[in-house]
Structure formats: C-alpha cells, structure tokens
C-alpha cells in the first residue's frame, strides 16, 4: 500500500478540514477558568481556559470582542461559545470564541467583591478623599452614552431645575470591553476643561454584565485622581458598581445624579424669598422695638417736661403778685385810715367849729388872735370873726 | 442793670425779697410803692421768661414727628 508523503501544510490543512467538518467541534459550548487573558490593541483577545487537568488556547476576534459585555479576567469561570479549529501556522488547535458568559452571576459578583476589597484596602473609598460638590455649578460635564435614556433624563432634569446651567456631554461607550477605557478618556477630557464644575458619570439600568465596565480598576483610579468632583448614577437604585464607591457622590439613578448636581432654581428662589421675608420681618420688629423704646422715653420726657414747672411758676408768680397787690393795698388803706383819723382830729380841733356854736374870735389887724384884755388895750381896731364873716370894730374904751 | 444776665432764679429771689420786705418792715409809703413797682416789673419779666419757655416747648413738640408719620415715611 502506497502511503503518500504529505507536507506539513497539507497535514495541517487536512486536520483543519476534518475538524471544521465535525459537527460537535464546529459549534460547541465549553466551560472553564480564564487565564492569561490579553486584549491586543488590534481588538482581538488571546487567552486560554483550563480546568483542573487540561488547558485550551482561545482566540476571540475583534468582531466578537466588541460585543463583549464585560472584560473577562483571569480566574473567572466562564462558558464560551465557539468552534474548535486549527491554527495552520503553528499546527495547534484552539477555540475560536464567539461569546463569553460568566458561568453564573456569582462569578461576576466574586470578581466585584475582590476588586472592591482591593481598592478599599488601597484607600480609594475613604471619605477624606471625597471632593465637595459645588453649591451652584455653572457647567456640568456628563460622561454617558449619547443615545441612551440616561442622557435624556439628565438633560431634562438639569434644564427643569436650572435652565442656565450648561451641559457638556462626552459621548462614551457604557458597555463592552472598551467602555472602561472610553469612560476614563471622558473623565480626563472633562477634567481638562476648565469650565466644568462637576462631572456626572451615568448609565441607565442593565444587567450586572452590562454594567460590568463600571467595575474597572483603572476607571476607579481615574475617578480617584479626578480633580473635579464626580457624581455617579449607574443603573438602578439596587445596582452598585465600583465607581459608586470611589465617586464623590453616589446617586441611585442618572436622574438623581442630575438632581444632586444641580440645585433647583425654584428651591433657591424659595430660599431667597424666605430669607428676604425673614430679614424684613426681623428688621421690622427690631425697628418697632426701638420705636416703642423711643415712644416710652418721649412720654417720660413729657412727664418731666418744664411745662409743669412753668405752670407751677405761673401760680407762684401769681401768688406773689397777689401778695404784692394785697400788701400795697393794705399799706395804702392803712395810710388812708391814719389820714382820716388825723382829719377827724383836726376837724375836732378846728377853731372854726367854735364859731358855729356862737362864739367869736377877736384878732388884731394882722389877724393875730387876741385872748387877753392887756393886748386889746393897745388896739384901736380889731376884727371879730363870726361863723359867717368878719367884722371890724373900733375900740373906744376898755374896762 | 444788664437784663440778659439776670436769670429766672435771681429775678425770682428778688421778687420774693420784695414781698418779704413789704411784709416785715415798717416801710414808708414811698418805700412800699417802690417795692410794689419793682415787684410788678419783675413779675412781668418772669411772665415773659415763662412765656418764651412755653413757646419754645410748643415749637419743639411740633418739630418732633409722631411715630405714625415716621412709620409711614418708611414705606
């Protein structure tokens, strides 16, 4: 029997053909643990899967890696869909992967826990590293998918709360193996933009695998090193990813992240109005208090005003004046009385009164009263004063 | 006599002295009349001083706005 001698290429080609035609090898699911996973810059991934005793080389081309929901990591237990074929150049057979699924959610969860513990030990989650959010941001950077519901929600919420806030979106992949790198780039770009006050990292809800890009060590460090505060709003309320722990503030959803980032203008207005009302009221009551104080002092002043003193003084002067009047009147009447007494006395002694009784007074020519005969002897003419006149008499003889 | 330098109190003291004088001493009519005349003059001066003080108080009261006016100005 003639045995044909084959070239290496012939053989490898033959084996390949045989394998490619095998029904089982052509379309199979294989489970194992990933090791030496390498994602080449070309987009192809090279790794192997193994179990306790065996190992199988694997290759996954760009067409398929781009559809990966998470970046497989060494030690991860997975189920791979693909076909077994021969790599002609090396004469090796390998698994050409089309899909990689984690063997169960537990696997992803374990990987998550492991990374979380590692980063926690490295101090990435410590509260002292959390940056404070600006109270009144003017420009918000958003790293998210440009097509998802998340970005629409975020824009709606921001515009509703404060229409003056600008939003700068960095469109990023939010799932798949390149997503992490893409998001890191977004954070870097937004950090370089001086106007950005705060960054929102967001993604709508999804399965754990779909959210897997957010459980990336490099991404965690990018967030940790970000100069600008980052709010994370990834998935739903129940979803926790690594970025939530390392970010400066975790929001349960993208909408909530927007709410936390931007204060509502209405609320601000209310606060300002309330403060205004408070200030007016308190300064009013302050004024009223002072007014009352002044009012009280004024009343006291009025009670002690010189008006009363003046009224008293009027009375006092009036009294003194009355006294003066009385005194002078008394004085005058006293003098009057005195005078009238003397008048009466004078009247009583008035010699003319004697004439009225029928007596007469004899005077000499010079009206000197003559009261003795001795005087009259030497007179030849005398005047006799009677009550109603004077009579001159010549004397002839004296007895 | 410089009028302006004479205070209300000193004038009042004088007036009281005149009144006392007229009361206690045995004065002549001329002295009494003189006291009376001076007393009445001082009374009038005192009245004028008090009137002026009263007028000034009225003006001061008028100048001080009431609280209500002040408050209404505020608004």
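We did not get these values from a lab; they are worked out from the coordinates using the rules stated. Just so it is clear, the structure is predicted and the values come from calculations on it, not from any experiment. Methodologically, a virtual Cβ is constructed for each residue, glycine included, from the backbone with ideal geometry; neighbour enumeration extends over all protein chains shown.
Points worth noting:
- Listed residues A:365, A:194, A:331, most fluctuating in chain A (Gaussian network, C-alpha, under 10 Å): A:365
- A protection proxy built from the mean count of other Cβ atoms within 10 Å ranks the segments A:229-235, B:15-21, most packed first, as A:229-235, B:15-21.
- Highest-MSF residue in chain A out of A:329, A:58, A:97 [GNM, Cα springs under 10 Å]: A:329
- Other protein chain Cβ atoms within 10 Å, averaged over every residue that makes up B:36-49: 3
- Chain A, relative contact order [Cα under 8 Å, separation at least 6], %: 10
- Residue A:304-residue A:51 pseudo-label distance in nm [points 7 Å out on the Cα-to-Cβ vector]: 10.8
- Estimated FRET transfer efficiency when R0 is 30 angstrom, pair residue A:103-residue A:40 (beta carbons, to 0.05): 0.75
- Between helix A:265-303 and chain A: long-axis angle, C-alpha atoms, 0 to 90°, nearest 10: 20
- Contour excess over end-to-end distance, with Cα ends at residue A:21 and residue A:221 and 0.36 nm allotted per residue: 67.2 nm
- Centre-to-centre, using Cα atoms only, the stretch A:308-380 and the stretch A:236-270 are separated by 124 Å.
- Contact order for the stretch A:351-394, expressed relative to its length and based on alpha carbon pairs under 8 Å spaced 6+ residues apart, stands at 38 percent.
- Counting beta carbons within 10 Å around each of A:208, B:33 and listing the fewest first gives the order B:33, A:208.
- Each peptide among A:377-383, A:98-104 gets the average number of other Cβ atoms lying within 10 Å of its residues, and from highest to lowest they stand as A:98-104, A:377-383.
- Rounded to 10°, Cα long-axis angle of helix A:149-161 versus longest principal axis of chain A: 10
- Restricting attention to the stretch A:57-214, close to 45% of DSSP beta bridges with both partner residues there are antiparallel.
- Taking the inverse of the mean reciprocal distance over all distinct Cα pairs, the Kirkwood hydrodynamic radius of chain A comes to 32.5 Å.
- Relative exposure of A:300, A:65, B:49, judged by other C-beta atoms within 10 Å (fewest first): A:300, B:49, A:65
- Fluctuation leader among A:75, A:358, A:32 - chain A, Gaussian network, Cα springs under 10 angstrom: A:358
- Fraction of antiparallel bridges per DSSP, the protein assembly as shown only, in percent to nearest 5: 65
- Legend: mean number of C-beta atoms from other chains within 10 angstrom of residue C-beta atoms, peptide A:315-328, equals 6.
- Maximal additional length on extending the residue A:380-residue A:11 stretch stands at 110.7 nm, based on 0.36 nm per residue less the C-alpha distance.
- Shown for B:8, A:64: other C-beta atoms within 10 Å of each C-beta, ranked fewest to most, produce the order B:8, A:64.
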